[in-house]
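Just below is one structure, and these are the notes that go with it.
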Amino acid sequence: MSVILVGVDGSDMAVNAVRWAAKTAKLEGADLKIVSAYTTTTSDYAPGLVIPQDVIDAIRGEVSKYVQDAAKVAEEAAPGLSIHGSIAEGDAAHVMIDFSADAEMVVLGSRGLGGLKGLFLGSVSTSVAAHAKSKVVIIPTEAALSDGPVVVGVDDSKVSDGAVAEAYRQADLRKTELIAVHTWTPLDADALHGFGLSADEIDQMSDQAVGAVSERLAGYGTDYPDVEVKRVVIPEEPGKAILEAAGDSAALIVMGSRGRGGFTGLLLGSRSQKVLHHAKVPVMIVRHTA
């Protein structure tokens, strides 16, 4: 049985992530595992300070309650779902990354406790999205399980194949439309006109890009014949085009961890980071393996 992992810390953002994860686990036929982390280490400003055992016990009790409360939320969201809970000592990001090795998917709120107003993505979510061994879904504060389309960013290279395959699967699972977004230049049409390109020339270049995207999508239609696909092929900055296609009503945005031109050591590309920071709907990062 596959497992969907969701991290909680008592924040409203985490509770919203639990609801989304529970409904998705029910849809996927997976178990839900709720995890919270705590740490009893002291800062560098107080080296050698020993935290009393009763304080440690109180911390563990509070974290255990986060998990128990989240389990109630999950049961209400998806009655009959198989739910497991766990607490672990350690840095929250490292705990979630370690647990991801045995999970199909990790789900986190975009920001947890202590998140600064205006900071769209917290440090834990950023680290887990970049380093987890499974798929990662980041849930913005107000996002809900929507029946809108699934949106996927498509490169004209094999780098995006994992994200495309998962996007088709998600669209089929959710019985919704798939919007495949490809931008063949980061410049918009006005900028291209400024470089002396005519409307006909821009249309011709777009047509060539449509062919490249069709090649990337070829074969998936056979595997998922019921998925209706809308292709958006335009001159535009990639992150902006994906965000505009998703709006605030898409069920999910699916992104590869690195796009075209990504460096081997760069685990989360600039396009994925931009979408994660600004999306109003859940964003799934699918790890690219060479």
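The values are calculated or read from the model by the stated rules, or taken from the named source; none is laboratory data. Since the model is a prediction, treat every value here as computed from it, not as a measurement. FYI the Cβ positions are ideal-geometry reconstructions off the backbone, even for glycines, and counts take in every protein chain you see.
So here's what we get for this one:
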quantity	calculated
Residues that are buried (at least 24 other Cβ atoms within 10 Å of the Cβ), at pLDDT 90 or above and touching a Lys or Arg at 6+ places or on another chain (Cβ under 9 Å), drawn from the range 256-285	ILE285
Residue check, LYS135 of a type in the set (Lys, Arg), outside the structural domain of HIS277 (by TED's automatic domain parsing) and either in contact (Cβ under 8 Å) with a residue 12 or more places away in the chain or surrounded by fewer than 24 Cβ atoms within 10 Å (Cβ to Cβ) (or both)	yes
Top-ranked residue in the range 171-187 [being in contact with a strand residue (DSSP E or B) (Cβ under 8 Å, 6 or more places away or on another chain) and not in a strand (DSSP E or B); ranked as modelled with the lowest pLDDT]	TRP184
Residue match in the range 84-107 (condition: closer than 13 Å to VAL6 by Cα, crowded, with 20+ Cβ neighbours inside 10 Å and touching a Pro at 6+ places or on another chain (Cβ under 9 Å))	yes
Checking ALA21 against (1) out of contact with any strand residue (DSSP E or B) (no Cβ under 9 Å at 6 or more places or on another chain); (2) modelled with pLDDT of 95 or more, the condition it does not meet	(1)
Options ILE51, ILE56, ILE34, ILE87: the member that is farther than 21 Å from GLN170 by Cβ, modelled with pLDDT under 85 and not in a loop (DSSP other than H, G, I, E, B)	ILE56
All positions within the range 95-107 that are touching a residue at least 12 places away in the same chain (Cβ under 8 Å), part of a helix (DSSP H, G or I) and not polar (S, T, N, Q)	VAL95, MET96, ILE97, PHE99, ALA101, ASP102
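Residues checked against (1) surrounded by 17 or more Cβ atoms within 10 Å (Cβ to Cβ); (2) under 30 Å from the mean Cα position of the chain (by Cα); (3) at pLDDT below 90; (4) in the same structural domain as ARG271 (by TED's automatic domain parsing):
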{"position": "VAL154", "(1), (2), (3), (4)": "yes, yes, yes, yes"}
{"position": "VAL159", "(1), (2), (3), (4)": "yes, yes, yes, yes"}
{"position": "ARG169", "(1), (2), (3), (4)": "yes, yes, no, yes"}
{"position": "MET205", "(1), (2), (3), (4)": "no, no, yes, yes"}
